[in-house]
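Participant: Take this structure first; my questions come after.
Please treat every number below as a calculation from the coordinates, not as lab data. Model, not experiment: these values are computed from the prediction. Backbone-built Cβ (ideal geometry, glycine too); neighbour counts: all protein chains shown.
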Amino acid sequence: MNFKDLSLEEIISKIKSWETNKEEVFDYYQNRIKKYDDKIKSFNYINKNGLNNTEWELAWVPLAIKDIFCEIWVPTTCASNMLKDFIPPYDSAVIENLKQSWMSSLWKVNMDEFAMGSTSESSAFDITKNPWGTDRIPGGSSWGSASCVAAWLAPAALWTDTGWSIRQPASMCGIVWFKPSYGRNSRYGTMAMASSLDCPWTLTKTVKDSAILYNIMNGEDSRESTSISGKDVIDSKIWETKDLKWMKIGIPKEYFEEWLDEWVKARIEEAIEKMKELWAEIKEVSLPMTKYAIATYYIIMPAEVSTNLSRYDGIRFGHNSEKSYASTDELFINNREEWFGDEAKRRIVLWSYVLSAWYYDAYFKKATQVRTLIIEDFNKAFEEVDAIISPVAPSVAWKTWEKIDDPVKMYLSDAYTIPASLAWLPGISVPCGFAESTDSEKELLPVWLQILTPRLEEQKLFEIANVYEQATKFWEKTPDGFED
């Protein structure tokens, strides 16, 4: 059976109806990994042992796991030499919830080191390729998760998002990402980057697949202080909705300015017209604090990175350098200089500056105040509309190494995703067509539409996204070269 053409929901249904079995599904994806992963290098570690029992919700359907979620007795490295031999003795909350519904893990997919990067070029192990163009970036930092699902090496994958970590790779690789409200899902056992921004969730082929995993994974966790109380369950009746009648959709005027590629803009405008055909009311809204979002993020994020990376000193966690040292400070310097990559070091230097005694009030304190203004921007906009739509990235996937020497240019590619992260909003992306690359090759590459709703309104988000997805069916197209 050709499982790559099926959604997660359809695979589960076929297992439970005895049209196939868990072993056939597991072996199918193992064979695809063996056949195609050398082309894109998405996996760091592969599980070659299937599991048993098909009565529970996930029926042992295999999922790929970003190499940032602790999985008991499975190497978990954050794609860093600092943790290349780390094997956790416990499961993260996310893995626990999925195992309770009988998930089978395909094990760990590649990522930017400690989730720091936009392009796949900062992993200590391999550079993962984009299935739509293996000489192009798959986005960052959860690009291993995005690439393996786009190439149909897994029916779904876990990821984490801080500012753009999955929205950008999902857009560039052409699959559905879903990010819940901050706190819906426990961060326990997920290696932290920036604690007030990190959000674990899923990459899937369809919107409904995301909702299946959301119902399993969200819920309160007493071990994690930012976890929201209670559990959210999506009403199955929303899948019967066929139009967007009575929905008001906002278009932020600030998101359609000079940095947006004309071909990407054209696809987004077509998506807006499609929503009009589906009876949505389209209304322009303003998010004036958008222009400060990137600067705000690149102060708050590295400041929080400072706390979370401080534990990797070669004594508590991480490798210990063999260089001689005369003091504890010199020992720490040797360990971190030797085992951290360039992007991690760059961000450590930045937080050291913004959190210093001389600049804390001038930078970090002001950034937290601006974050509050960004939240107020969204709250005001949502008084007028039910949802906001925008591009995910200003361009399609660019060539590997094209922007590696200009990190500021890479950071600017996240202008559409960072504001929502700062505001802790739920979001999802759906495919809206293909656009030409801006280089001489003029390749047709995926473009994705970002949909945002107010905090804690995930059900409305799924409903809008599913209506659009079912009306367009862009998700069914497979990258060339990955057919069975």
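Participant: Of the beta bridges DSSP finds with both residues in the chain, what % are antiparallel, to the nearest 5?
Facilitator: Of all bridge pairs located within the chain, approximately 70 percent are antiparallel.
Participant: Can you compute the modelled spin-label distance between E281 and E436, with each label point 7 Å from Cα toward Cβ, in nm?
Facilitator: 3.9
Participant: Quick one: if you stick a label point 7 Å off each Cα along the C-beta vector at L456 and T134, how many nm between them?
Facilitator: Calculated label separation equals 4.9 nm.
Participant: Beyond 31 Å between alpha-carbons counts as too far, so tell me which of K129/K231; K39/K231; K39/K237; K179/K366; K99/K276; K16/K460 fall in that bin.
Facilitator: Table pairs above 31 Å Cα-Cα are K129/K231; K39/K231; K39/K237; K99/K276.
Participant: Taking the Cα centre of the chain as the origin and placing charges on Cβ (Lys, Arg +1; Asp, Glu -1), which of P252, L355, S210 is farthest toward the positive end of the dipole?
Facilitator: Of the listed residues, the answer is L355.
Participant: Separation of the stretch 1-34 and the stretch 329-397 by C-alpha centroid, Å?
Facilitator: The two parts, judged by their Cα centres, are 40 Å apart.
Participant: Measuring from centroid to centroid over Cα atoms, what is the spacing of the stretch 420-461 and the stretch 245-316 in Å?
Facilitator: The distance from the Cα centre of the stretch 420-461 to that of the stretch 245-316 comes to 9 Å.
Participant: Please check which bits of the stretch 335-379 a label hung off S306 would reach, taking the label as a point 7 Å along Cα-to-C-beta and the cut-off as backbone N under 16 Å.
Facilitator: Counting only backbone N, you get 345-369.
Participant: Aspartates and glutamates near K365 by alpha-carbon distance under 15 Å, same-chain residues fewer than 8 away left out - which ones?
Facilitator: Straight-line reach from K365, under 15 Å: E304.
Participant: Cα atoms only: what Rg and Dmax, in Å, come out for the stretch 1-113?
Facilitator: My reading of the Cα-based Rg and Dmax gives 14.5, 46 Å.
Participant: Identify which of the listed values of Rg and Dmax of the Cα atoms in Å was calculated from the structure shown: (1) 23.9, 84; (2) 21.3, 71; (3) 22.9, 74.
Facilitator: (2)
Participant: Once you put a point 7 Å from the Cα of F317 and another 7 Å from the Cα of N49, both along the Cβ direction, what distance in nm separates them?
Facilitator: Computed distance between label sites F317 and N49 equals 2.6 nm.
Participant: So, one more: Does the stretch 220-342 come out rounded, prolate or oblate, given a ≥ b ≥ c as the square roots of the eigenvalues of its C-alpha gyration tensor, rounded meaning a/c under 1.5 and, failing that, prolate meaning a/b above b/c?
Facilitator: In terms of gyration-tensor shape, prolate.
Participant: A further question on this structure: Under the definition of Cα pairs under 8 Å and six or more residues apart, what whole-number percent is the relative contact order of the stretch 203-317?
Facilitator: Averaging sequence separation for qualifying contacts and normalising by length gives 22 percent for the stretch 203-317.
Participant: Could you put D386, D67, D198, D361 in order, starting from the residue whose Cβ has the fewest other Cβ atoms within 10 Å? Walk me through the numbers before you get to the answer.
Facilitator: Details: D386 21, D67 29, D198 24, D361 9.
By the 10 Å Cβ count, ascending, the order reads D361, D386, D198, D67.
Participant: Counting helices only, and only those DSSP H runs with n ≥ 4, report the 222 nm mean residue ellipticity of the chain as the sum of -39,500 (n - 2.57) divided by its residues, in deg cm²/dmol to the nearest 500.
Facilitator: After summing the helix terms and dividing by the residues of the chain, the value is -10500 deg cm²/dmol.
Participant: If a/c stays under 1.5 just call it rounded; otherwise compare a/b with b/c (prolate if a/b is bigger, oblate if not). Do that for the stretch 183-279, with a ≥ b ≥ c from the square roots of the Cα gyration tensor eigenvalues.
Facilitator: Because a/c hits 1.5 or more and a/b fails to exceed b/c, the stretch 183-279 counts as oblate.
Participant: Taking R0 as 25 Å, what FRET efficiency do you get between N2 and K39 from their Cβ-Cβ distance, rounded to the nearest 0.05? Walk me through the intermediate numbers first.
Facilitator: Values: r = 19 Å, r/R0 = 0.76.
The value I calculate is 0.85.
Participant: Under a cut-off of 17 Å between alpha-carbon atoms, report the lysines in cross-link reach of K442, not counting same-chain residues fewer than 8 places apart.
Facilitator: K265, K399
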